[in-house]
Amino acid sequence: MLMIKTLFLTATLGLSLTIGSVYAQTPASVSRNPEALFTSPDPALNANKQVVYRILRELLDAGHWDKADELLSAEYLQHNPNAQSGRAAVVDYFTKVLKVKPQPLPERLNMKIIAVVAEGDLVTVLYPRAVRDPKAAGGSYTTTWYDTWRIKDGKAVEHWDPALLGEAPDLR
């Protein structure tokens, strides 16, 4: 009987360690030089990455929404359930709803970047994102957020992210 109890306890402990590791995670490492991620030896991919870099730096980081016409097409398609499509709607959202005011252009990006991937006309940027942990009062965990843009003729024409309906924007 003692052997059965020992085996049961050993199996239970082993299982609990395995289950615990399923919920454990290591936050992704961020780049020490995020600007370098927005370059490519391929001229077309480099140009597309530079459009996205400007969107992040000039629009999202510095709030210079007066430059949106240089970076977003008038027909900009938004696949975020909380945002309307169209450049004018995006500009209104940031300037009138969120009341973002222009700041001096940062020398470097203020946001942390994990990776930038470009393929064809798509550019995806990965960021670390701290999220409130519903199981731990006052606690949080880190996950990965992404934005993907489709670039055409030097402007973003379409955007995707994993936002959920009713979720507040995280401007990093």
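The values are calculated or read from the model by the stated rules, or taken from the named source; none is laboratory data. All of these numbers come straight from a predicted model, not from anything done at the bench. Neighbour counts are summed over all protein chains in view; Cβ atoms, including those assigned to glycine, are modelled from backbone coordinates with ideal geometry.
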Subject >> Qualifying position, being under 25 Å from ALA47 (Cβ atoms) and small (Gly, Ala, Ser), among GLY138, GLY154 >> reply: GLY154
Original post:
With (1) within 20 Å of THR39 (Cα to Cα); (2) surrounded by fewer than 13 Cβ atoms within 10 Å (Cβ to Cβ) as the list, and VAL131 as the residue in question, which single condition is left unmet?
Top reply: (1)
Original post:
Among the residues of the stretch 45-81 satisfying the criterion of being among the hydrophobic types (A, V, I, L, M, F, W, C) and not in a helix (DSSP H, G or I), which is surrounded by the most Cβ atoms within 10 Å (Cβ to Cβ)?
Top reply: LEU72
Original post:
Do we find that TRP149 is in contact with a His (Cβ under 7 Å, 6 or more places away or on another chain), within 16 Å of LEU56 (Cβ to Cβ) and touching a residue at least 24 places away in the same chain (Cβ under 8 Å) in this structure?
Top reply: yes
Original post:
Which of the residues spanning the stretch 49-83 are under 15 Å from VAL157 (Cβ atoms) and over 17 Å from the mean Cα position of the chain (by Cα)?
Top reply: ALA68, ASP69, GLU70, LEU71, LEU72, SER73, ALA74, GLU75, TYR76, LEU77
Original post:
Out of the stretch 138-163, which residues are out of contact with any helix residue (DSSP H, G or I) (no Cβ under 9 Å at 6 or more places or on another chain) and not in a strand (DSSP E or B)?
Top reply: GLY138, GLY139, ASP153, ASP161, PRO162, ALA163
Original post:
List the pairs whose first member sits in the stretch 65-80 and is without any contact (Cβ under 8 Å) to a residue 24 or more places away in the chain, whose second member is of a type in the set (Asp, Glu) and not in a strand (DSSP E or B), and whose Cβ atoms are under 7 Å apart, counting only residues at least 6 apart or on separate chains?
Top reply: LYS67/GLU58
Subject >> Residues of the stretch 82-131 classified as hydroxyl-bearing (Ser, Thr, Tyr), out of contact with any strand residue (DSSP E or B) (no Cβ under 6 Å at 6 or more places or on another chain) and assigned to a loop (DSSP other than H, G, I, E, B), total >> reply: 0
Original post:
Given the conditions (1) at pLDDT 95 or above; (2) of a type outside the set (A, V, I, L, M); (3) in contact with a Pro (Cβ under 8 Å, 6 or more places away or on another chain), which single one is not true for GLU75?
Top reply: (3)
**OP:** State whether the residues of the stretch 3-18 include one that is surrounded by 10 or more Cβ atoms within 10 Å (Cβ to Cβ) and modelled with pLDDT of 85 or more.
**Re:** no
